[in-house]
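One structure below.
The values are calculated or read from the model by the stated rules, or taken from the named source; none is laboratory data. Just so we're clear, the structure is a prediction, and the values are computed from it rather than from any experiment. Every residue, glycine as well, gets a Cβ built from its backbone with ideal geometry; the counts of neighbours run over all protein chains shown.
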Amino acid sequence: MAKTGTLFIVSTPIGNLDDITHRAIKILNEVDLIAAEDTRHSQKLLQHWGVNTRMTAVHDHNEKQISDRLIDQLKGGMDIALISDAGTPLISDPGYNLVNRCTEKEVTVVPVPGVCAAIAALSASGLPTDQFLFYGFLPVKQVAKHSVLERLNNETATTVFYESPRRIADTVKAIIEVLGEERKITIAKEITKAFETFYSASAVEVLAWLLDDANHQRGEFVLMVAGAPKNDTEMPPESLQLLKTLIAELPLKKAAAITASHYGLKKNALYQYGLTLNE
Ligand code: SAM
C-alpha cells in the first residue's frame, strides 16, 4: 500500500511577491497538487516563481466536498500543498475543514510558515504585543458588531481585526460608541504594498483621518485596538511570584518597582501587597 502523503499548509505573500520563503517555493514545486483558494489569482504567484505544479480550487463554498477527494488523494500517497489568496491559509481563510478532517484521519499536516497580515501589522503597530487577541472580521450587522465590541470592553490585550475598506470607517465609529473616543487604535493599510501606511491615534482622530481623504479608506486593512487599561488591583499570579522571589534578595521597594515595570502594573499596589507578606 502507498505511504500516505502529507498536507502542507503554505503561507504566501500579502502583496509583495518576494515575501515567500525558499522552503515554500521548494514545497510548491515538489508536491503533486496545489489546492488553492482561487487558482487564477495564485497563478500569478506561481508563474513569478516558476512553479508549474497542477492546481485545484478549494474555497469556502466547496471545501467540505473537496476535502473528501483530497483526503483520498493524500491517503493514496499524493503530497498536497494548501495555499490561500494571501498570507497564511486558515487565518480568516479556507482550510479548517480539510485540516480538521486530516487530523481525524491521521494524515500528517505540516505548516510551512510565512506571512500573516495580523502578525505583520502587530509587529509594527507600536501597541503592546505581549498579549493579543486575534478576532478576524467583525460581524457586518450593527447590532452584532456592537455586541462583540461590548464583550471586548474590558479586554486588556491588544485586539486585532481584519476589516474591509467598505466598512473600516463604520467600524471605527462603532469602536468610538462602545469603547470611547480616546481608545488608542493603529490602522495598518496595504502592508508590503506601494501605499503601505500605519496610522496610530485615538479612535476619534483615526476616524477623522479616514474621513479626511477618500484614499485613506482604500485598500486592505488591519485594525488594532489597544487593550483596556489594566485594573490597578489586578495582579496576575506570575507577577506575585516574581515579587516574592525578588523580595528574598532585594528591599521591597526595589522588588515592587522591578515587578511593576516588568508586568506594566502599579508599583504601589505591589508594594502594598508585599507588606502583607511579612505580616
Ligand atoms: N490569510 C490572510 C493572512 O494570513 O493574513 C488573511 C486573509 S483575509 C481573507 C483578508 C484580510 O486580511 C483583508 O481583508 C485584510 O483585513 C487583511 N489583509 C490581507 N492583506 C493585507 C495587507 N497587505 N495589508 C493589510 N491588511 C491585509
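Taking helices (runs of 4 or more DSSP H) as the structural unit, those lying wholly within the stretch 122-220 and holding at least 2 residues that are in contact with a His (Cβ under 8 Å, 6 or more places away or on another chain) and free of Cβ contacts under 8 Å to residues at least 40 places away in the same chain correspond to 168-179.
Just to be sure before I move on: is Glu63 within 16 Å of the ligand (Cβ to nearest atom), free of Cβ contacts under 8 Å to residues at least 40 places away in the same chain and either touching a strand residue (DSSP E or B) at 6+ places or on another chain (Cβ under 9 Å) or among the acidic types (Asp, Glu) (or both) in the structure I sent? Yes; evaluated as a whole, the condition is true for this residue. Condition first: crowded, with 17+ Cβ neighbours inside 10 Å and either in a loop (DSSP other than H, G, I, E, B) or away from the ligand (no atom under 16 Å from the Cβ) (or both). Now tell me which residues in the stretch 1-18 satisfy that. Across the stretch 1-18, the qualifying residues are Thr4, Gly5, Thr6, Leu7, Ser11, Pro13, Ile14, Gly15.
Output the residues belonging to the stretch 75-91 that are of a type outside the set (Gly, Ala, Ser) and assigned to a loop (DSSP other than H, G, I, E, B).
Met78, Asp79, Asp85, Thr88, Pro89, Leu90, Ile91 - these are the residues of the stretch 75-91 that are of a type outside the set (Gly, Ala, Ser) and assigned to a loop (DSSP other than H, G, I, E, B).
Give the residues of the stretch 19-54 that are within 13 Å of Met78 (Cα to Cα) and assigned to a loop (DSSP other than H, G, I, E, B), sorted by residue number. Correct list: Val31, Asp32, Thr53, Arg54.
When you check Leu46 against the structure, is it surrounded by 13 or more Cβ atoms within 10 Å (Cβ to Cβ), of a type outside the set (Phe, Trp, Tyr) and away from the ligand (no atom under 16 Å from the Cβ), yes or no? Spelling it out, Leu46 is indeed surrounded by 13 or more Cβ atoms within 10 Å (Cβ to Cβ), of a type outside the set (Phe, Trp, Tyr) and away from the ligand (no atom under 16 Å from the Cβ). Annotation: of all residues in the stretch 92-109 being assigned to a loop (DSSP other than H, G, I, E, B) and out of contact with any helix residue (DSSP H, G or I) (no Cβ under 7 Å at 6 or more places or on another chain), the one that is farthest from the ligand (Cβ to nearest atom) is Glu106.
So that you can scan it fast, the table gives a plain yes or no per residue for (1) closer than 30 Å to Ile191 by Cβ; (2) in contact (Cβ under 8 Å) with a residue 12 or more places away in the chain; (3) not in a helix (DSSP H, G or I):
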{"position": "Ala228", "(1), (2), (3)": "yes, yes, yes"}
{"position": "Met235", "(1), (2), (3)": "no, yes, yes"}
{"position": "Leu242", "(1), (2), (3)": "no, yes, no"}
{"position": "Ile258", "(1), (2), (3)": "no, yes, no"}
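Of the residues Met1, Met78, the single one that is among the hydrophobic types (A, V, I, L, M, F, W, C) and at pLDDT 95 or above is Met78.
Taken over the stretch 183-207, the residue count meeting the criterion of being surrounded by fewer than 15 Cβ atoms within 10 Å (Cβ to Cβ) and either closer than 23 Å to Pro139 by Cα or not charged (D, E, K, R) (or both) is 4. Report yes if some residue within the stretch 66-78 is in contact (Cβ under 8 Å) with a residue 12 or more places away in the chain, in contact with a helix residue (DSSP H, G or I) (Cβ under 8 Å, 6 or more places away or on another chain), within 16 Å of the ligand (Cβ to nearest atom) and in the same structural domain as Ile20 (by TED's automatic domain parsing); otherwise report no. No. Regarding Thr129, is this residue away from the ligand (no atom under 13 Å from the Cβ), outside the structural domain of Ile66 (by TED's automatic domain parsing) and not acidic (Asp, Glu)? When the stated conditions are applied, Thr129 passes them.
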